[in-house]
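*Asks:* Quick one: this structure, given as structure tokens, is what I'll be asking you about.
The values are calculated or read from the model by the stated rules, or taken from the named source; none is laboratory data. From a predicted model like this one, the values you see are computed outputs, not experimental measurements. So basically every Cβ, Gly included, is an ideal-geometry build from the backbone, and we count neighbours across all protein chains shown. To get the accessible areas, we keep the full protein, side chains included, count just its heavy atoms, and leave off ligands, DNA and RNA. Shrake-Rupley method; radii C 1.70, N 1.55, O 1.52, S 1.80 Å.
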Amino acid sequence: MSGSLAETELSGFARSGTEDRSQGVSRSLFWDTLRRLFSNKLAIVGMFMIGTVILVALTAPWIAAQHPDQNGIFQAFPQNNKLPPSINHPMGTDVIGRDMLSLVIYGARISLLVGVFAVSLAIVLGASLGAISGFAGGTVDNVIMRIMDIMISFPTVLLALVIVVILGPGLFNAMVAVGIVAVPAFARITRASVLGETGKDYVIAARSVGAGARRVLWRHVMPNTLSPIIVAASLGIATAILDAAALGFLGLGAQPPTPEWGLLLSRNRGYMFTSPWMVFFPGLSIMFLVLGFNLIGDGLRDALDPKLG
Amino acid sequence: MKELLRIEDLQTRFYTRDGVVHAVNGVSYSIDEGEILGVVGESGCGKSVHALSILRLIPDPPGRIESGEVWFDGKDLLTVSDEEIRRVRGGQLAMVFQDPMSSLNPAMTVGFQIVEALRLHLDMTERQAKERTTELLTTVGIPDAKNRLDDYPHQFSGGMRQRVMIAMGLSCNPKLLIADEPTTALDVTIQAQIVDLIKRLQAELGMAVIWITHDLGVVADLAEKVNVMYAGYIVEHGNVRDVFKRTRHPYTIGLLGSLPRLDEDPGTELSAIPGFPPDLIDLKPGCPFAARCPHAIEQCWNETPRLEPTETKRHTVACWRWEEIAQGVA
Amino acid sequence: MEDERETLAQIRGLVKHFPIMRGSIIKREVGQIRAVDGVSFDLYRGETLGLVGETGSGKTTVGRTMLRLYEATGGKVIFDGVDLMSLKGRELDQIRRRISMIFQDPLASLNPRMTIGSIVGEPLLVHKVGNKKQRRARVGQLLEQVGLNPHFVNRYPHEFSGGQQQRIGIARALALNPDLIICDEPISSLDVSIQAQIVNLLERLQNELGLTYLFIAHDLSMVRHISDRIAVMYLGKIVELADRDSIYSNPLHPYTQALMSAVPIPDPDLQDTRQRIILEGDVPSPANPPEGCNFHTRCPAVRLDHCPQAEPELRELRPGHWVACHYAEDYL
């Protein structure tokens with residue numbers, strides 16, 4: 001009887017609908033998420049925008065009209081100064097006659113680098129602190145989170161300013177500062193989801209089979225906290241780019257002649273009314289990239305939430 | 001007895017990304033005034049969706065009521081205006097849900113929520129409404145009701161919250177109460193209290209009840225008639241005694257066999273139904289139970305059986321082979 | 001009969017209190033939830049002991065404290081002659097391999113980001129059993145044993161139905177050849193027709209592998225079906241413990257009587273004739289349980305001159321039939 005029971009159950013399974021559906025598409029969480037992401041029109045627009053910027057950044061040496069020399073300096077053509085947009089210079093030229101389009105194209109490399117580097121730094125530091133905090137609890141948790149609270153109580157740009165002043169101005173230091181400023185956000189998100197996951201049955205199940213603390217944290221809890229971290233990361237890149245641009249604008253980030261978008265804005269702000277293209281195109285580029293990351297971030301948030309599937 | 005509610009060929013589907021979910025597939029039945037009807041079935045059988053469809057509470061999209069008529073009080077609820085259906089809901093036709101905590105607003109006192117409903121539906125003054133609320137809460141067995149009006153939902157226990165929900169449902173003297181798994185989240189001793197309360201209310205107020213549950217025991221205890229649902233179809237319908245004692249549909253037989261019985265030797269193996277319910281996405285024609293049915297033949301896979309009367313009156317079954325199964329030939 | 005049974009585990013005076021904490025920065029204890037408040041029972045090898053009770057009775061906490069998923073506030077769990085509560089490190093691991101657990105919500109108990117192969121194989125990996133190939137073979141064998149197709153090792157839990165997910169949980173629990181499986185309401189979130197499949201599977205595995213079950217549940221009819229003995233809990237204490245037949249034919253505690261009469265029976269004839277005891281009110285909070293006999297606030301047979309003052313002992317009124325009621329003799 002028992003043998004035949006198992007058989008009938010198996011055959012029942014083979015006939016089921018879930019079985020039929022899963023043969024066509026692999027239904028792992030990763031592919032499910034991608035499928036949902038690609039059915040979100042705004043997220044596709046976002047991916048298209050980011051894709052464009054990445055492509056521009058990668059192909060800069062071929063598509064730009066003007067190129068920097070080994071020291072990263074664009075040659076000045078004083079006779080071409082403040083030319084409005086035309087066929088030769090689609091974004092016009094700046095005060096010293098550099099081609100704005102070329103500057104913006106090379107600037108894309110810097111902005112992407114800033115965003116990715118700063119957020120990576122923030123994730124590594126923030127997620128570790130948050131995970132330790134949530135998992136250990138007690139005094140450790142209290143100390144870490146109170147420090148995060150103090151950091152979060154400063155306006156981000158002000159805090160970044162303080163850090164840059166300590167480290168000294170420059171693009172790399174600005175990236176570090178922007179990354180550190182984002183740490184509390186990641187620490188909090190990670191801690192909250194670690195706390196949420198730790199109480200779940202599958203974690204108790206893992207402990208019940210004898211898994212140690214390290215295995216429980218890294219093999220079980222952390223992979224399940226990834227969704228909110230990924231979402232926060234894509235939104236965080238946008239913030240980081242803005243913050244870095246703000247530092248550049250204040251003269252504490254990238255230094256001239258780096259074609260960083262924020263710096264371009266700041267250097268040309270005196271000509272806003274006479275030669276608006278000098279600030280319009282760098283500003284538009286910042287907005288384009290930030291919006292792209294925001295759209296992807298929102299799309300990911302929906303795609304990673306199985307309840308909305 | 002006068003007919004209170006008649007449902008004709010109700011069909012509800014959900015249009016999801018994975019495909020069309022055939023949740024309710026042509027449900028027809030009627031209920032008389034003052035009658036208690038149990039609707040039993042497992043998760044995903046369409047028992048809750050059919051109840052929500054009656055009140056047009058299906059979220060649209062993705063849900064859509066494809067066809068059917070729901071006659072209540074001389075009107076087809078599926079075609080009346082939005083304003084009219086709102087008057088019916090919570091008025092003549094009340095509904096109680098499984099999770100009372102999520103149907104009560106946690107930020108408002110229980111008294112305020114019932115008083116509001118009364119003033120809205122019955123045009124009462126605040127004082128009248130308060131008196132009536134106290135009366136209702138007392139009716140459903142909440143001790144010291146007067147002093148509990150200013151309590152918030154979280155200050156009530158699960159069983160008491162469900163009583164509050166029932167009091168809310170009763171507030172406008174409904175002719176029909178639809179209760180969707182109202183005791184599933186409760187302990188057995190509390191469930192017994194609620195079942196007892198419903199029996200008393202039905203006797204005192206003469207209202208009809210549609211009790212949706214997965215618990216065959218509660219239906220045997222409470223209901224006069226029963227619908228057994230499977231994959232969006234009613235597969236067996238009749239008086240409780242007929243359905244439980246002269247069971248005709250192989251699914252109902254299997255369901256009853258899956259339950260341990262007090263009068264059998266506890267050591268015997270339960271006669272489980274193999275497999276699990278079909279996927280309701282793109283449900284194929286044919287008997288929905290065929291894949292799990294020990295009696296399935298070619299015909300069962302190809303043609304959907306309709307409800308037809310059995311040898312006793314008021315007992316119908318949707319099975320091609322019920323006669324052979326009843327006679328033990330199949 | 002009594003002497004032939006080999007004791008596998010003895011639970012003695014098990015206590016688990018959870019502190020209630022208040023305050024955000026400086027936390028202080030403002031009270032205790034007395035989830036388990038002095039529970040003692042024996043588990044015999046090869047038997048199924050049903051542990052029933054309502055929400056807040058502490059039945060789940062008993063199971064989890066036995067496995068040291070919670071640290072006990074007091075008491076002993078003697079498993080095969082060794083007190084689990086005093087063990088540490090490797091010794092604890094060695095004993096713990098012999099006890100495993102099945103959970104109420106099968107999906108929640110499976111890590112959504114792991115394939116069922118790695119879920120079922122995890123106990124083997126954690127306890128470093130065999131090499132990779134041997135472990136993979138064992139996983140396939142386990143899946144087959146619980147009625148799942150071994151080819152599904154690379155799928156994720158959400159691709160399975162509730163009953164199949166519970167089978168995966170059972171396969172994991174079997175991985176290390178345990179002596180005792182703590183089944184924490186393994187069927188209560190499943191549909192009726194699937195419940196029977198799982199119960200049959202558990203019974204078959206018990207017969208084949210000689211397992212001992214602590215079967216925690218609130219469904220008395222299923223508990224009666226699967227258990228050899230049954231313990232009834234109320235507010236952190238065992239109120240009655242007896243052989244299945246004697247507890248069903250002659251329950252001696254008023255709470256057990258009420259609990260059994262509250263279970264709906266799917267038979268309209270029986271339902272009409274049976275006598276029902278409907279308890280008043282709710283289960284009191286375990287943070288503030290009543291004095292004396294903790295059931296006195298709801299007991300239909302309460303004697304106010306005695307029950308609210310004196311706490312009843314768990315007494316053996318008939319061989320193997322224990323009850324904690326001052327007046328249990330009345331029902332003999």
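*Asks:* Counting only DSSP beta bridges with both residues in chain C, tell me the antiparallel percent, nearest 5.
*Replies:* 65 percent
*Asks:* When a/c is below 1.5 the answer is rounded, else prolate if a/b is larger than b/c, else oblate, so apply that to segment B:48-104 with a ≥ b ≥ c taken from the square roots of the Cα gyration tensor eigenvalues.
*Replies:* Note, shape of segment B:48-104 comes out oblate.
*Asks:* Additional query: Does chain A classify as rounded, prolate or oblate by the C-alpha gyration tensor (a ≥ b ≥ c root eigenvalues; a/c under 1.5 gives rounded; else a/b over b/c gives prolate, otherwise oblate)?
*Replies:* Here chain A falls in the oblate category.
*Asks:* Before I look further, what does the protein assembly as shown give for accessible area per residue, probe 1.4 Å, in whole square angstrom?
*Replies:* Accessible area per residue, the protein assembly as shown: 43 Å².
*Asks:* Would you tell me the mean number of C-beta atoms belonging to other protein chains that fall within 10 Å of each C-beta in C:144-151, as a whole number?
*Replies:* 3
*Asks:* Nearest 500 deg cm²/dmol is fine: what mean residue ellipticity at 222 nm does chain A get from its DSSP H runs of n ≥ 4 alone, each adding -39,500 (n - 2.57), divided by its residue count?
*Replies:* After summing the helix terms and dividing by the residues of chain A, the value is -23500 deg cm²/dmol.
*Asks:* I'd like to know which of B:154, B:142, B:183 lies farthest towards the positive end of the charge dipole of segment B:136-192, counting +1 on Cβ of Lys and Arg and -1 on Cβ of Asp and Glu.
*Replies:* Going by the charge dipole, the pick is B:142.
*Asks:* Residue B:315's amide H: which non-local residues (gap 5+, or another chain) put their own amide H closer than 5 Å, with H modeled 1.01 Å from N in plane and none for Pro or chain starts?
*Replies:* B:310
*Asks:* Could you work out the pair-distance distribution P(r) of the protein assembly as shown from its alpha-carbon pairs, with 10 angstrom bin width and percents rounded to whole numbers?
*Replies:* All Cα pairs, binned at 10 Å, distribute as 2, 9, 16, 19, 19, 15, 9, 6, 3, 1, 0, 0 percent.
*Asks:* Say a paramagnetic label sat at a point 7 Å from the Cα of residue C:207, along Cα to Cβ; which residues of segment C:133-152 have their backbone N under 19 Å from it?
*Replies:* So the set is C:144-148.
*Asks:* Same structure, new question: Would you list A:277, A:62, B:320 from the most to the least accessible area, probe 1.4 Å?
*Replies:* A:62, B:320, A:277
*Asks:* Given a Förster distance of 25 Å, report the FRET efficiency between residue C:285 and residue B:109 from their Cβ-Cβ distance, rounded to the nearest 0.05.
*Replies:* The value I calculate is 0.70.
*Asks:* Can you tell me, using C-alpha contacts under 8 Å and at least 6 residues apart, the relative contact order of chain C as a whole percent?
*Replies:* 19 percent
*Asks:* Under 17 Å Cα-Cα from residue B:130, which lysines qualify once same-chain neighbours fewer than 8 residues away are excluded?
*Replies:* Counting by Cα, and skipping residues close in sequence, residue B:130 has these lysines nearby: B:146.
*Asks:* Right, another one. I'd like the isolated cysteines in chain B, meaning no second cysteine's beta-carbon lies under 4.7 angstrom from theirs.
*Replies:* B:45, B:172, B:293, B:319
*Asks:* When you look at the Cβ of every residue in C:156-165, what mean number of other chain Cβ atoms sits within 10 Å?
*Replies:* 5
*Asks:* Report, in degrees rounded to the nearest 10, the 0 to 90 angle that the Cα long axis of helix A:156-167 makes with the longest principal axis of chain A.
*Replies:* 70 degrees
*Asks:* Let me ask something else about it. Enter the mean number of other protein chain beta carbons within 10 Å of the beta carbon of each residue in C:209-220, as an integer.
*Replies:* Per residue, the number of nearby Cβ atoms from other chains is 1 on average.
*Asks:* Residue C:132: which aspartates and glutamates have alpha carbons under 16 Å from its alpha carbon, excluding same-chain residues fewer than 8 sequence positions away?
*Replies:* Here the aspartates and glutamates satisfying the reach criterion relative to residue C:132 are C:122.
*Asks:* Only Cα pairs within less than 10 Å get springs; with that Gaussian network setup on chain B, which residue of B:107, B:208, B:296 has the largest fluctuation?
*Replies:* B:107
*Asks:* Got a sec? What order do A:129, A:113 fall in by accessible area at 1.4 Å, biggest, i.e. largest, first?
*Replies:* A:113, A:129
*Asks:* Check cross-link reach from residue B:199 to the lysines: straight Cα distance under 19 Å, and skip same-chain residues fewer than eight apart.
*Replies:* Those lysines meeting the cut-off are B:175, B:225.
*Asks:* Determine, for each peptide in B:281-292, A:185-196, the mean count of other beta carbons within 10 angstrom over its residues, then list the peptides with the highest first.
*Replies:* By packing density, highest mean first, the sequence is A:185-196, B:281-292.
*Asks:* Relative contact order of segment B:1-130: what whole-number percent is it, with Cα pairs under 8 angstrom and at least 6 residues apart?
*Replies:* Relative contact order here is 23 percent.
*Asks:* Can you check what the net charge comes to around residue B:98, using other residues whose Cβ is under 9 Å from the Cβ of residue B:98 (Lys, Arg +1; Asp, Glu -1)?
*Replies:* So the environment of residue B:98 carries a net charge of -3.
*Asks:* What's the buried accessible area, both sides, between C and A using a 1.4 Å probe, rounded to 100 Å²?
*Replies:* 3000 Å²
*Asks:* Applying a 10 Å radius around every beta-carbon, put A:122-128, C:100-106, A:81-87 in order of their mean neighbour count, most first.
*Replies:* C:100-106, A:122-128, A:81-87
*Asks:* Related question: Using only Cα atoms and rounding to the nearest 10 degrees, what angle (0 to 90) does helix A:138-152 make with the longest principal axis of chain A?
*Replies:* 30 degrees
*Asks:* Buried accessible area between B and A (1.4 Å probe, both chains summed, ligands and nucleic acids excluded), in Å² to the nearest 100?
*Replies:* 1100 Å²
*Asks:* Estimate the FRET efficiency between residue C:316 and residue A:213 by the formula 1/(1 + (r/R0)^6), using the beta-carbon distance for r and 45 Å for R0, to the nearest 0.05.
*Replies:* The formula returns an efficiency of 0.55 here.
*Asks:* Taking R0 as 60 Å, what's the FRET efficiency between residue B:1 and residue C:20 from their Cβ-Cβ distance, rounded to 0.05?
*Replies:* The computed FRET efficiency comes out at 0.65.
*Asks:* Here's something else I'd like to know. Please give the length that would be gained between residue B:281 and residue B:196 if that part of the chain were fully extended, namely 0.36 nm times their separation in residues minus their C-alpha to C-alpha distance (nm, one decimal).
*Replies:* So the extension gain works out to 26.7 nm.
*Asks:* I would also like to ask the following. Under 16 Å from a label point 7 Å along Cα→Cβ of residue A:226: give me every residue in segment C:118-133 with its amide N that close.
*Replies:* C:118-119
*Asks:* Show that you can apply the helix-only estimate: for chain B, add -39,500 (n - 2.57) for every DSSP H stretch of four or more residues, divide by all residues, and state [θ] at 222 nm to the nearest 500.
*Replies:* After summing the helix terms and dividing by residue count, I get -9500 deg cm²/dmol.
*Asks:* Let me ask another. With everything on Cα atoms, drop me the angle between helix C:162-174 and the longest principal axis of chain C, reported from 0 to 90° to the nearest 10.
*Replies:* Once rounded, one gets 80 degrees.
*Asks:* If you don't mind, there's one more thing I want to ask. Which whole-Hz couplings ³J(HN,Hα) result when phi for each residue of segment A:279-295 is put into the Karplus expression 6.51 cos²θ - 1.76 cosθ + 1.60, θ = phi - 60°, listed in order with x for Gly and Pro?
*Replies:* 3J(HN,Hα) across segment A:279-295, in whole Hz: 9, 4, 6, x, x, 4, 5, 4, 4, 4, 5, 5, 4, x, 5, 5, 5.
*Asks:* A further question follows. Would you list B:102, A:133, C:161 from the most to the least accessible area, probe 1.4 Å?
*Replies:* B:102, C:161, A:133
*Asks:* Residues in segment A:102-131 near a label at residue A:52, defined as backbone nitrogen under 18 Å from the 7 Å Cα→Cβ point?
*Replies:* Taking a point 7 Å out along Cα→Cβ of residue A:52, the residues of segment A:102-131 whose backbone N falls under 18 Å are A:102-112.
*Asks:* If I take every Cα pair under 8 Å that is 6 or more residues apart in chain B, average their sequence separation and divide by the length, what percent do I get for the relative contact order?
*Replies:* Worked out over chain B, it gives 20 percent.
*Asks:* Could you list the trypsin sites (Lys or Arg not before Pro) in segment C:76-140 that lie in coil according to DSSP, counting only those with at most 12 other Cβ atoms within 10 Å of their Cβ?
*Replies:* C:88, C:128
*Asks:* Tell me the mean residue ellipticity at 222 nm calculated for chain C from its helices only (DSSP H runs of n ≥ 4, each -39500 (n - 2.57), averaged over every residue, nearest 500).
*Replies:* Calculated from helices alone, the mean residue ellipticity at 222 nm is -9000 deg cm²/dmol.
*Asks:* Residue farthest toward the positive end of the dipole of the protein assembly as shown, with Cβ of Lys/Arg at +1 and Asp/Glu at -1: which of B:107, C:295, C:273?
*Replies:* B:107
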